[in-house]
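For reference, the structure is listed below as structure tokens.
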Amino acid sequence: MIDEIMKKGKPENVENAIRKLFERLGRRKVSTKPADLFSYSHDYWLVTFHWLLQGRVPALPDAVLWPESRDDVVEILNVAYEEGVPVYPYGGGSGVLGGTVPEYGGIVVDMKRMRSIDIHEEDLILEAETGVNGHYLEEYLNRRGYTLGHIPQSLYPSTLGGWIATKAIGQFSTRYGGIEHMLLGLEAVIPPGNVIELKPHPRTATGPDLRKLFIGSEGIFGIITKAWLRIWPYPEKRFLMSFASESLEDALDSARRILRRGARPAVLRIYDRIETKRHFYRFDEMYGRIGTVIIVEGDSKIAEAEKAVVEEEFRGTPAGEEPVRHWLETRFVVKEVSEFAPLGVVIDTIEVAVNWSNAAKLYYSTVDAMKSVKGVLFASAHASHFYPQGVCFYFTFAGIPPRGTRPAEFYNRVWEAAMRATLENGGTISHHHGIGRHRAKWLAEELDGAYGLLKSIKHAVDERGIMNPGNMGV
């Protein structure tokens, strides 16, 4: 018998709900096959990965659904509301914090059959259903002379809906912004099957911005079915630059000055000494120093001007184009977890953000806090996303749990150390991976009194509590 770690039991009326869904949607859109239930029992959360290696699963849903239209989604939420059955929206399954684990049982709604795309060229607006795959979407735009500029590391397995629901950001964010800067309008279905449409406008002052209610909502309010986003002409010119600095502080200050002058490189990534050795060991100029890769792109004249600002402001030794080409070739390779977890190594990443005034302090404090946990072999970071006001640090740790310590227990100790250091140094506990089930324990502390407001909004929108119950702790 499969050991389900997190499941809280079978919803009382789930069999009745499944019967209704078979009748209303047809058997092609509904499955209760064991293989399908197992496939949707987890995302890419490291804790669940270790459970799976042990032959355990986090929680099996009772059914999996594949809607093909907004009307299908309306029907699903109608039935779920009537029967009080939990619903878990599902994109590409690339989340790393347990955000889609069906811990209360119920139904998983996979949106990937909803993937229509349309471009409104004069308005520079993309209209797309939210099940569309990220790589396919960007490729579709590129072939027609455009880009969304949203290139997360999860580009290949993730979906548009997942980007919006988790408030995702991509590698080219310093120029194009996060998904919240791209989103102009959206369509969503909330319980008990009501359609919400927030039309796209260049700007609107019609009360509170309700689009923001769904950005980063992680499925706790409803299911996002369609989105309108701003797009850009495909870049005319691209410059590749890299530098080696003597200190992390020099590199960070160089980046701060570049942004302060108004330049917006598409890519700006600063690696500490450990990560420079790990990623750029073949490049003599960078080895043993602080490596930075930069891409400037866009209209040729604007790109040339931004390149000049970078060259004027960056404090370090120019290292040429090759390190950037190497980064471009390897940026989607994520294999450490699958390679080392079966050997007993616990490895994960933690991304946080902080203002410039606390940036270096937070970096050193968080690295030291993780290294202080018994069993940690190394802790490192790179700065991956930049703003005139501050920076995102993307930490990596790896270690072997001490004898008698379970991997999940060791994992939680390191995370606790990192989250505590972040909060104590004025940072935010998440920059772009979101909250999920794993980060929920620290969310209330960061939001303080606003956490009660979040729970009140959740109850007002989803009075029966059927939308992704347990996620974000609400």
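Restricting attention to segment 108-120, the residues that are open to solvent by 40 Å² or more (accessible area, probe 1.4 Å) and assigned to a loop (DSSP other than H, G, I, E, B) add up to 4. For Tyr394, are the conditions met, namely being within 16 Å of Glu275 (Cα to Cα) and without any contact (Cβ under 8 Å) to a residue 24 or more places away in the chain? Against the criterion (within 16 Å of Glu275 (Cα to Cα) and without any contact (Cβ under 8 Å) to a residue 24 or more places away in the chain), Tyr394 does not qualify. Scanning segment 342-364 for residues that are hydroxyl-bearing (Ser, Thr, Tyr) and either part of a strand (DSSP E or B) or modelled with pLDDT under 95 (or both) yields a single hit, Thr349.
Kindly check whether there is at least one residue in segment 245-253 that is open to solvent by 10 Å² or more (accessible area, probe 1.4 Å), in contact (Cβ under 8 Å) with a residue 12 or more places away in the chain, of a type in the set (Gly, Ala, Ser) and under 25 Å from Pro323 (Cα atoms). Yes, there is a match, as at least one residue in segment 245-253 is open to solvent by 10 Å² or more (accessible area, probe 1.4 Å), in contact (Cβ under 8 Å) with a residue 12 or more places away in the chain, of a type in the set (Gly, Ala, Ser) and under 25 Å from Pro323 (Cα atoms).
Taking helices (runs of 4 or more DSSP H) as the structural unit, those lying wholly within segment 399-474 and holding at least 1 residues that are within 24 Å of Val345 (Cα to Cα) correspond to 407-424.
State whether the residues of segment 154-164 include one that is buried (at least 20 other Cβ atoms within 10 Å of the Cβ) and assigned to a strand (DSSP E or B). Yes, that holds for at least one residue.
Among the residues making up segment 75-87, those that are open to solvent by less than 30 Å² (accessible area, probe 1.4 Å) and assigned to a helix (DSSP H, G or I) are Ile76, Leu77, Val79, Ala80, Glu83. With respect to (1) part of a loop (DSSP other than H, G, I, E, B); (2) touching a strand residue (DSSP E or B) at 6+ places or on another chain (Cβ under 6 Å), the lone exception for Asp123 is condition (2). The residue list Val337, Val324, Val367, Val333 contains one member that is modelled with pLDDT under 95, surrounded by 15 or more Cβ atoms within 10 Å (Cβ to Cβ), farther than 14 Å from Asp253 by Cα and out of contact with any helix residue (DSSP H, G or I) (no Cβ under 6 Å at 6 or more places or on another chain), which is Val337. Checked across segment 98-107, the condition of being at pLDDT 95 or above, within 20 Å of Arg230 (Cβ to Cβ) and in a strand (DSSP E or B) holds for no residue. Considering only residues in segment 446-474 that are in contact with a helix residue (DSSP H, G or I) (Cβ under 7 Å, 6 or more places away or on another chain) and in contact (Cβ under 8 Å) with a residue 24 or more places away in the chain, the one that is most open to solvent (accessible area, probe 1.4 Å) turns out to be Arg464. Put simply, of Ser158, Ser154, Ser217 the only residue that is closer than 29 Å to Ala319 by Cα and modelled with pLDDT of 95 or more is Ser154. Inside segment 403-445, residues that are at pLDDT below 95 and touching a strand residue (DSSP E or B) at 6+ places or on another chain (Cβ under 6 Å) make up a count of 1. Being assigned to a loop (DSSP other than H, G, I, E, B), within 30 Å of Lys458 (Cα to Cα), among the charged types (D, E, K, R) and in contact (Cβ under 8 Å) with a residue 12 or more places away in the chain is the filter here, so list the residues in segment 208-244 that pass it. Listed by number, the list holds a single entry, Glu218. Going residue by residue through segment 217-237, is there one that turns out to be more than 26 Å from Lys167 (Cβ to Cβ), open to solvent by 20 Å² or more (accessible area, probe 1.4 Å) and of a type in the set (Asp, Glu)? Yes, segment 217-237 contains at least one residue that is more than 26 Å from Lys167 (Cβ to Cβ), open to solvent by 20 Å² or more (accessible area, probe 1.4 Å) and of a type in the set (Asp, Glu). Residues in segment 198-207 that are touching a residue at least 12 places away in the same chain (Cβ under 8 Å) and open to solvent by 60 Å² or more (accessible area, probe 1.4 Å): 3 in all. Within segment 403-424, residues that are free of Cβ contacts under 8 Å to residues at least 24 places away in the same chain and under 20 Å from Phe49 (Cα atoms) have Cβ atoms under 9 Å from residues that are open to solvent by 60 Å² or more (accessible area, probe 1.4 Å) and part of a helix (DSSP H, G or I) in these pairs: Glu416/Lys441, counting only partners at least 6 apart in sequence or on another chain.
The values are calculated or read from the model by the stated rules, or taken from the named source; none is laboratory data. Because the structure is a prediction, the values reported are computed rather than measured. In this analysis, Cβ positions are derived from the backbone assuming ideal geometry, glycine residues included, and neighbour counts consider all displayed protein chains. The area values use the complete protein model at the heavy-atom level, side chains included, leaving out ligands, DNA and RNA. Shrake-Rupley method; radii C 1.70, N 1.55, O 1.52, S 1.80 Å.
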